[in-house]
Amino acid sequence: MGSEKETGVRLDKWLWAARFYKTRAIAKEMINGGKVHYNGQRTKSSKQAEVGAVIRLRQGYDEKEIVIKKLSEQRQKAVVAQTLYEETPESIAKRETYAEARRLNVLNNPAPDTKPDKKQRRQLIRFKES
């Protein structure tokens with residue numbers, strides 16, 4: 001690992017090793033698709049990751065902002081992978097706020113218990129057309 005710290009690690013490889021994505025191909029796809037920002041800018045998958053860099057990435061509904069603490073080219077256990085980065089406190093608070101908002105939205109707008117019957121469907125169609 002000594003030489004890795006001097007030369008850096010490809011960003012897609014680091015994201016894979018830190019277990020943000022299941023494969024390097026998915027990590028590369030996310031980077032190229034603009035879902036990953038390195039120090040506030042879009043980047044390429046071949047970018048050399050450096051200790052102290054800030055990465056903002058999207059995973060489903062969540063957007064995380066993390067700081068690289070260690071470099072690694074090898075994918076290891078999850079507990080080891082979690083030592084490679086640290087999520088910023090602002091990012092954690094923001095994710096919790098959004099998760100709570102999503103949860104409340106589901107509770108406030110529940111799905112109906114049954115599907116509309118034929119008469120109700122016709123009424124809905126007439127209502128939408130008018």
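Where a number appears in this text, it was derived from the coordinates with a stated rule and is not lab data. Owing to the predicted nature of the structure, the values given are computational and were not obtained by experimental measurement. Note: ideal-geometry Cβ built from the backbone for every residue, glycine included; neighbour counts use all protein chains shown.
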query = Which ³J(HN,Hα) values in Hz, rounded to whole numbers, follow from the phi angles of region 93-100 under the Karplus curve 6.51 cos²θ - 1.76 cosθ + 1.60, where θ = phi - 60° and Gly and Pro get x?
reply = 4, 5, 5, 5, 4, 5, 5, 5
inquiry  = Going by amide H atoms built from the backbone, whose H comes under 5 Å of the H on VAL9, apart from near neighbours?
reply    = ALA49
query = Residue separation times 0.36 nm, minus the C-alpha to C-alpha distance between LYS94 and GLU29: what's the value?
reply = 20.9 nm
request  = State, in angstrom, two size descriptors of the chain derived from its alpha carbons: Rg to one decimal place and Dmax to the nearest whole number.
outcome  = 21.4, 72
request  = Report relative contact order for the chain in percent, whole number only (criteria: Cα-Cα under 8 Å, sequence separation at least 6).
outcome  = 20 percent
inquiry  = Which residue, LEU84, LEU104, GLN123, has the largest displacement toward the positive end of the dipole of region 62-125 when charges sit on each Cβ (Lys, Arg +1; Asp, Glu -1)?
reply    = GLN123
